């Protein structure tokens, strides 16, 4: 199976997305995801499928695959290819037909049916080329879209007027103005809707534009002289050498070979305070060098970069449908046939029962068709999700699926891991004690350094960093025993251990220390280290408690250390000395009681994070693609946890507001149109504005206070 990601242009509503989805599934595509707002379409394609044929099929539905790499993509767009162009073209012919609506204006020639027919024909042709073509294709595929309603209304008005003109009774059948204004105003409404929806994508587009920049590549000639020349970032490859100067954008993910800089990583973390970077540190593509100059080599390009991973994650989340959208999708799928039926019944009831005459009855039926808006129901959820996900990404909060946004509304307790989550993960030595008269301080520190320098454990790294010496012990053999510590033998045959309390149980009952140093079955001493609590941990726990959320510290660390940290931070419940398996069991029990979120480092706590109602991972940006949680707080952004919870809650509130408006609009507007209180011209304008209302309400999420 090949994974395919396309941009499909021309989708305007849920019905469009359903049409594309249904087509791809009928062709054997799997894991199909379609997001009509961003135009993102992804699916797994079988080996026997031909990309060009699939793209041609989607184009045949009335949409356009913009990036499948074939020649037809390079053709210039034809005239009248945008809603704005179509509107202005139609407006030129429609405006004279509407002049009679201005008080005191009466141009006799414009009342001539043949003049009105001549003005209407260009508008009708453009309208049918778009609405009619789209309507027929959607009907052919079995999923009628909103263009069916517009096309039917326009054809009914135009056909009825043309019939009256041909039989010489035009004054009784004159609806040319109605046909033209419906088409013109719906084009205007579609353009306004497109502009509004584009605004909901603003945050994501801002991220995407940072992927394209210029870079200074370093190359060497045959005399080994260094030369720097500009290239486009899209042409870079892994291993290329770059020179990045103050004020420039980091073109791709890279690692520093030489130099020191202050970097603004707001594009990734939402934090505008510059971060200090030096040799061996990673730079993230899209970040800005605020001061300093570095030489680097490229570590990732294209889809493998951190920024691309973020964009993909957000787009994938947009294509996921949360449970709240399922009802709207079901109604949208049957909405058009229902409205057509209501319009037909409206005509019959008004003509036969109310005895209003066929012209008036038809006008009311057309109004029902035009005022109805299936797009509003389809747009309600995706618009809010697009804005919510965009604001989250801009602040260093990544949701892997839209379902997590909705789940946040019900979270009643949050479980925290301790080390690396509430604490910095950077240990420092706070004390040590010699327990043998046969050892002096300098020799003790030399043994500890010589053992711990070979370990990758954070505590060992802290000891090796603090007690680094040049005259280290040369070992005959050394190994790291998982869960215990380091074991080594020197060239004289002496055995050494630097390990946890488990290695020293036969020598002492004091289990309050971190590292015990043993030589030839004699306890030489122990070392105490401390992990500093993150400053933001205090405010985060306070904010959660203020919102009535129960806080739990769940750690594998020793009881006394967990008690000390937990009480200092104000946790409601403290559970210590838990294995990964025990953590998993605890999270399952918490979930069974109330919806529970867990915050961890995303690696050690992977099983528990996956088990929680919502798993929230704290991670370095370079590890973002490897996280197992549903939500990732970039660059250890624990301070953004309250915002993540708040965004989830308020996005769900916005979705409910949008759905209420969409349903209420249609429930109220259709009967009003059927009773004759709305003419088709006004209905066409209001129909377009209904979508704009939803988009504006969704855009409020960008500025709304959520914490």
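The values are calculated or read from the model by the stated rules, or taken from the named source; none is laboratory data. From a predicted model like this one, the values you see are computed outputs, not experimental measurements. Please note: Cβ atoms are built from the backbone with ideal geometry, for glycine as well, and neighbour counts cover all protein chains shown.
Figures for the structure shown
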item	result
Strands (runs of 3 or more DSSP E) enclosed by segment 512-556 - at least 3 residues per element that are farther than 13 Å from residue 435 by Cβ, at pLDDT below 90 and in contact with a strand residue (DSSP E or B) (Cβ under 8 Å, 6 or more places away or on another chain)	522-533
Odd one out for residue 451 among (1) more than 16 Å from the chain's Cα centre (by Cα); (2) surrounded by fewer than 24 Cβ atoms within 10 Å (Cβ to Cβ); (3) assigned to a helix (DSSP H, G or I)	(2)
Selected residue (criterion: modelled with the lowest pLDDT) from residues of segment 610-627 that are under 18 Å from residue 586 (Cα atoms) and surrounded by fewer than 22 Cβ atoms within 10 Å (Cβ to Cβ)	610
Given (1) assigned to a helix (DSSP H, G or I); (2) in contact (Cβ under 8 Å) with a residue 60 or more places away in the chain, number of the condition residue 427 does not satisfy	(1)
Subset of segment 391-403 (residues that are surrounded by 24 or more Cβ atoms within 10 Å (Cβ to Cβ) and in a helix (DSSP H, G or I))	392, 393, 402
From the options 28, 62, residue that is assigned to a loop (DSSP other than H, G, I, E, B) and modelled with pLDDT under 80	62
Verdict on residue 505 being in the same structural domain as residue 459 (by TED's automatic domain parsing), farther than 19 Å from residue 428 by Cβ and assigned to a loop (DSSP other than H, G, I, E, B)	yes
Criterion: under 19 Å from the mean Cα position of the chain (by Cα) and either within 24 Å of residue 398 (Cα to Cα) or part of a helix (DSSP H, G or I) (or both) - qualifying residue of 670, 653	653
Residue in segment 232-239 that is under 26 Å from residue 638 (Cβ atoms), crowded, with 17+ Cβ neighbours inside 10 Å and at pLDDT below 90 present	no
Any hit, segment 487-495, residues being surrounded by fewer than 16 Cβ atoms within 10 Å (Cβ to Cβ), assigned to a loop (DSSP other than H, G, I, E, B) and in contact with a helix residue (DSSP H, G or I) (Cβ under 7 Å, 6 or more places away or on another chain)	no
Where a residue in segment 79-101 is surrounded by fewer than 13 Cβ atoms within 10 Å (Cβ to Cβ) and its partner, wherever it lies, is modelled with pLDDT under 85 and not in a helix (DSSP H, G or I), with Cβ under 7 Å and at least six apart	99/105; 99/107
